[in-house]
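First the structure, in the form of structure tokens, and then the observations on it.
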Amino acid sequence: MLFHRDAIERHLQPLTERPIAHYTAISTLVHLMAVPPPPPYIGWTSARASAVRFLNDRAELLLGLETLRDVANQPPKSGRRVRLILESLLADGGRADTDAFLMSFSGDPDELGQWRGYASNGMGCSVVTAPRDVHAAVHVAGWIVYEPKKRHAFAYKVLGELRNQTDDNLIEQVLVTAASLMKHEGFKAEREFRAIVFPALSAVRYRAQGDRLVPYVDFLPGAASLPVDRIVLGPGWRLAMLSPSDRLRDHVIQGVRRLLDSAGLGATDITYSTLPYDPQ
């Protein structure tokens, strides 16, 4: 997957040392880090990435693909092969053997929109880690491009990387990956960082989400781990309003602490959101 990384990542905002956070439900922590792997792998040992075509907001991928198509049809036009693949991607649901799977993070570990949308309406948590560690575990990773002019420039550069390519599967995967790294500027506050993998079909599993099935893959199947910087508990628990002694005894904090202890992460900090948000 070296071509995918080279063709895309060098046209994105460079990685930084600032941490990133994955927002999720408290119950998901059991799946992320319940069982410690063999030493020296201590940390986050399971990471589920969902197929891009099955995101809750399916308009996300459409925006990126349309941007790529518009740029591909402007002089100097992209090759006919690339333009036909883009039209096909816009017209159908894609193919299982070229699916990209992604997991999302945010550059802000305490952001209200993320709490409300992805962490049980503020009753969840964010798991904080380092972008470089995530980058090392996947095929492509990078910061989302939001502004229209920057999206256009990004699409132009990625399409330029495909000018001499003849492998249709590779072209399709690069196009889907690039489209997955573009979003409407209205989501800019999320400061999203995405990790993308291209698994073998044999690694894909399925989970129920409402009334539909969503393909997913675990890109940390016990052979690697991600360090955990800290766990941030959501504003819905209103932990900031408690006294230090009451926080120490709080059942939510105690439950997370015991889980971390069992996963070999006893030294990991547990903090809490300071946002004044009451989901009730």
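Read-outs: derived from the displayed coordinates by stated rules, not from any lab. Predicted, not measured: the structure shown is a model, and the values here were computed from it. All Cβ positions, even for glycine, are placed from backbone atoms using ideal geometry, and neighbour counts span all protein chains on display.
Kindly indicate whether any position in the range 168-185 is of a type outside the set (Lys, Arg) and over 22 Å from the mean Cα position of the chain (by Cα). Yes, because at least one residue in the range 168-185 is of a type outside the set (Lys, Arg) and over 22 Å from the mean Cα position of the chain (by Cα). When the residues of the range 94-123 are narrowed to those that are in a loop (DSSP other than H, G, I, E, B) and out of contact with any Ser or Thr (no Cβ under 7 Å at 6 or more places or on another chain), which ends up surrounded by the most Cβ atoms within 10 Å (Cβ to Cβ)? The residue in question is Asp99.
Of note, Glu190 does not satisfy the criterion of being surrounded by 14 or more Cβ atoms within 10 Å (Cβ to Cβ) and farther than 30 Å from Ser225 by Cβ. Can Pro199 be described as in contact with a strand residue (DSSP E or B) (Cβ under 8 Å, 6 or more places away or on another chain), of a type outside the set (Ser, Thr, Tyr) and part of a loop (DSSP other than H, G, I, E, B)? So Pro199 fits the description; yes.
Within the range 247-258, is even one residue in contact (Cβ under 8 Å) with a residue 60 or more places away in the chain, over 18 Å from His22 (Cα atoms) and small (Gly, Ala, Ser)? Checking the range 247-258: at least one residue is in contact (Cβ under 8 Å) with a residue 60 or more places away in the chain, over 18 Å from His22 (Cα atoms) and small (Gly, Ala, Ser). Taken over the range 217-273, the criterion of being surrounded by 14 or more Cβ atoms within 10 Å (Cβ to Cβ) and either part of a strand (DSSP E or B) or aromatic (Phe, Trp, Tyr) (or both) is satisfied by Val217, Asp218, Phe219, Leu226, Arg230, Ile231, Val232, Leu233, Trp237, Ile270, Thr271, Tyr272. Being part of a helix (DSSP H, G or I), surrounded by fewer than 17 Cβ atoms within 10 Å (Cβ to Cβ), among the basic types (Lys, Arg) and touching a residue at least 24 places away in the same chain (Cβ under 8 Å) is the requirement here; does Arg151 meet it? It is false that Arg151 is part of a helix (DSSP H, G or I), surrounded by fewer than 17 Cβ atoms within 10 Å (Cβ to Cβ), among the basic types (Lys, Arg) and touching a residue at least 24 places away in the same chain (Cβ under 8 Å).
Of all residues in the range 3-36, exactly one satisfies the criterion of being within 30 Å of Leu159 (Cα to Cα), within 18 Å of the chain's Cα centre (by Cα) and without any contact (Cβ under 8 Å) to a residue 60 or more places away in the chain, namely Pro14. Among the residues of the range 71-87, those that are part of a helix (DSSP H, G or I) and either within 17 Å of Asn164 (Cα to Cα) or in contact (Cβ under 8 Å) with a residue 40 or more places away in the chain (or both) comprise Val71, Ala72, Arg80, Arg81, Val82, Arg83, Leu84, Ile85, Leu86.
Would you call Val214 within 18 Å of the chain's Cα centre (by Cα) and buried (at least 20 other Cβ atoms within 10 Å of the Cβ)? So Val214 does not fit the description; no.
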